[in-house]
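The values are calculated or read from the model by the stated rules, or taken from the named source; none is laboratory data. Quick caveat, the model's predicted, so the values are computed rather than measured. Cβ placement follows ideal geometry from the backbone for every residue including glycine, while neighbour counts extend to all protein chains displayed. Note: accessible area is taken over every heavy atom of the protein model, side chains too, but ligands, DNA and RNA are not part of it. Shrake-Rupley method; radii C 1.70, N 1.55, O 1.52, S 1.80 Å.
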Amino acid sequence: MPNITDTVTTPDGTCTVHLFTPDGDGPWPGVVMFPDAGGLRYTFDEMGARLAQYGYVVLVPDVYYRTADWAPFDMISVFGDEQERNRLMSMIGTLTPDKVTSDAAAFFDYLAGRPDVAGERFGVCGYCMGGRTSVVVAGRLPDRVAAAASFHGGGLVTDGADSPHLLADRMTATVYVGGAENDASFTADHAEQLEKALTAAGVAHTIEWYSAADERHWAAMTELFGSALPR
């Protein structure tokens, strides 16, 4: 699968991105794939390449580019290592809604400027933390997002004024949410609230469940969103 490493200029600096394209000449629709809390790594290279096989130009960004030369996390042990866990949570905390929105706008501009990318509207998808980012971007940049997908994303419904579900009335994208069973960061009640918000806004959407998640996911999302996620 053809792929390159490139950089995208954002309001905050230079972001490394990995770009995956189908075989052939294109043009193809563009998709931004937001990683989970572990950030850009080989796993997401594999996932980006796999999605590209279905006929998309896939951009996977280093969402932690503001932290220069950050060391990769061991996602098996990070939540059990207090020092590493604190480092991870500190880096997650830098990704505010304003930051991820400005980054996404830069990624879209980059894709729009490529001759192998079709159109001016794009897909976004993400996993865990990246799933929330995808929904936020769909609500904050509605003219640029045609489809948004969140896989085992947490914090889609909170008590905060910046809860992603409150952006439903701004969304024009088709929205897919794959929730993880037994995940207190996205419960059946959260799904019901999100369903009502999307339906009331006339957003085409699907919400369904997968057998996944564990206490580490709950713990990480709780620390990230605090008391806004009642257990």
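Annotations
- In the full protein context, the chain carries 45 Å² of accessible surface per residue, based on a 1.4 Å probe and ignoring ligands, DNA and RNA.
- Local net charge near Ala146, Cβ-Cβ under 15 Å (Lys/Arg +1, Asp/Glu -1): +2
- Diagonalising the gyration tensor over the Cα atoms of segment 1-143 and scaling each eigenvalue by 5 before taking the square root yields semi-axes of 26, 17, 13 Å, largest first.
- For segment 83-212, diffusion coefficient by Stokes-Einstein and Kirkwood Rh (Cα), 25 °C, 0.890 mPa s, µm²/s: 163
- The modelled label-to-label distance for the pair Ala112/Thr14, using points 7 Å beyond Cα in the direction of Cβ, is 2.4 nm.
- The peptide list 60-70, 173-183, put in order of mean Cβ contacts within 10 Å with the highest first, becomes 173-183, 60-70.
- This model, with +1 at the C-beta of Lys and Arg and -1 at the C-beta of Asp and Glu, gives the chain a dipole about its Cα centre of some 360 debye.
- Surface calculation, 1.4 Å probe, protein heavy atoms: Val136 sits at approximately 10 Å² accessible.
- Environment charge of Leu59, counting only residues whose C-beta is closer than 14 Å and scoring Lys/Arg +1, Asp/Glu -1: -4
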